[in-house]
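The values are calculated or read from the model by the stated rules, or taken from the named source; none is laboratory data. These figures come from a predicted structure and were not determined experimentally. Because the Cβ atoms are built from the backbone with ideal geometry, glycine has one as well, and the counts that use them run over all protein chains shown. We work out accessible area using only protein heavy atoms, side chains counted, and drop any ligands, DNA or RNA first. Shrake-Rupley method; radii C 1.70, N 1.55, O 1.52, S 1.80 Å.
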Amino acid sequence: MELGKTFRYTDSYEFMERMKGGMPPLIVCCACNGGIQGKEANDAIPETPGEIAASVRGAYEAGASMVHVHARHPENLTECAKNVETWRGVLGAIRAACPEIIINATTGGGPGMTMDERLSSVKAKPEVASLNLAPDMSKFRLKERKAPLKNPRPAMDIDECIPYTYGQIEQFAEEMKKNGVKPELEIYHPGCLYVVQYLMEKGLLDAPVWIQTVMGYQTGSFPTVENILSMLREFPAESMWLCSAIGPFQLPLTTLAILMGGHVRVGLEDNVYYARGQKAKSNAELVARSVRIAKELNRPVASPAEARAMLGLRAEPTTY
């Protein structure tokens, strides 16, 4: 299949043609840490810039062509980075360890952050950045973080809503366009596709549109095959699909995406377990499983250079 050429994932005729002619190379994105839980949930979750860079290097060697990263506050590793200088340090450490990998930074951040703090990652100029397209309402309990981990704290209950509006989302998309950052559009339920349409009408999205279905997150669509298919049918033309899923839903739904010609996000942000009752040893372990499944299904795995061509990114990796 020609790199960069999109197709309708739910079109039966196109699916059969792709099966006969070959599916596009699989982009594996490693969500290496996250902005909520840390080593108290799994000691393999990287927190410091050096740990992040080493973990990303392992994921890259296992087959990841993109990393999605949350930088941590240097003085309190339980919080997210809140300024561009911290972000540049983390992105620079990743680039030094992985000269080719596509760097994808969060704008979701973590609990209690302002919108300006969430936008600091974009000003550090990653190649891709996540863009939430709906209010983010969640309620959960964080495990106690015990010494000798840095910045110990008691168990915590989180109950919050991040009230993204059309105007705020448009501001984020404008900032990404100004800084040459490709948005990764986070779809939690079908209503988010209204916002995709809005951003397209505003001229803030370039083809191919990179859309991630986030399955199994609170107040999003239930993580079912039926719901994924329903959302895919509503994708705009010239879209590319990235599938992520939380916890026990990660493996079955990312495998579905591999079968259908989509792309996958795996890693310790979304799932700290490798199997039921067995914690993952590393991000590399989770990436390697997706790569192995893809190869068993005769699906090639994209190199960073191939992924750049498919996504319409600059061929030359960013430097920091």
Apart from one, (1) of a type outside the set (A, V, I, L, M, F, W, C); (2) in a strand (DSSP E or B); (3) touching a Leu at 6+ places or on another chain (Cβ under 9 Å); (4) open to solvent by less than 60 Å² (accessible area, probe 1.4 Å) all hold for GLU160; the odd one out is (3)
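Would it be correct to say that SER290 is within 26 Å of GLY38 (Cα to Cα), touching a Ser or Thr at 6+ places or on another chain (Cβ under 7 Å), surrounded by fewer than 23 Cβ atoms within 10 Å (Cβ to Cβ) and among the polar types (S, T, N, Q)?
Working: within 26 Å of GLY38 (Cα to Cα): yes; touching a Ser or Thr at 6+ places or on another chain (Cβ under 7 Å): yes; surrounded by fewer than 23 Cβ atoms within 10 Å (Cβ to Cβ): no; among the polar types (S, T, N, Q): yes.
In short, no.
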*Determine if segment 187-196 includes at least one residue that is under 27 Å from PRO46 (Cα atoms), part of a strand (DSSP E or B) and open to solvent by 10 Å² or more (accessible area, probe 1.4 Å).*
no
With criteria (1) outside any helix (DSSP H, G or I); (2) under 23 Å from ARG8 (Cα atoms); (3) open to solvent by less than 10 Å² (accessible area, probe 1.4 Å), LEU205 comes up short on (3)
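One line per residue, one yes/no per condition, for (1) β-branched (Val, Ile, Thr); (2) modelled with pLDDT of 95 or more; (3) under 21 Å from LYS39 (Cα atoms); (4) touching a helix residue (DSSP H, G or I) at 6+ places or on another chain (Cβ under 6 Å):
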| position | (1), (2), (3), (4) |
| --- | --- |
| ALA62 | no, yes, no, yes |
| LEU77 | no, yes, yes, no |
| ALA81 | no, yes, yes, yes |
| GLU85 | no, yes, no, no |
| VAL90 | yes, yes, yes, yes |
| ILE94 | yes, yes, yes, yes |
| ALA97 | no, yes, no, yes |
| ILE101 | yes, yes, no, yes |
Taking first residues from segment 162-174 that are farther than 19 Å from ASP206 by Cα and second residues anywhere that are buried (at least 20 other Cβ atoms within 10 Å of the Cβ) and among the polar types (S, T, N, Q), the pairs with Cβ under 7 Å that are 6 or more apart or on different chains are TYR164/ASN132
Restricted to segment 99-121 and to residues being touching a residue at least 40 places away in the same chain (Cβ under 8 Å), of a type in the set (A, V, I, L, M, F, W, C) and over 19 Å from ARG308 (Cβ atoms), the residue surrounded by the fewest Cβ atoms within 10 Å (Cβ to Cβ) is MET115
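Which one of these is under 15 Å from the mean Cα position of the chain (by Cα) and farther than 27 Å from LEU205 by Cβ: LEU268, LEU297?
Among LEU268, LEU297, only LEU268 is under 15 Å from the mean Cα position of the chain (by Cα) and farther than 27 Å from LEU205 by Cβ.
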Across (1) open to solvent by less than 60 Å² (accessible area, probe 1.4 Å); (2) free of Cβ contacts under 8 Å to residues at least 60 places away in the same chain; (3) within 30 Å of LYS178 (Cα to Cα), ASN227 clears everything bar (3)
| said: Checking the structure you have, find out if any residue of segment 100-121 is in contact with a strand residue (DSSP E or B) (Cβ under 7 Å, 6 or more places away or on another chain), part of a helix (DSSP H, G or I) and within 19 Å of ALA53 (Cα to Cα). | reply: yes
Restricting segment 14-69 to residues that are part of a helix (DSSP H, G or I) and in contact with a Gly (Cβ under 8 Å, 6 or more places away or on another chain), the one surrounded by the most Cβ atoms within 10 Å (Cβ to Cβ) turns out to be ALA59
Filtering segment 122-157 for residues that are among the basic types (Lys, Arg) and surrounded by fewer than 12 Cβ atoms within 10 Å (Cβ to Cβ) leaves a count of 3
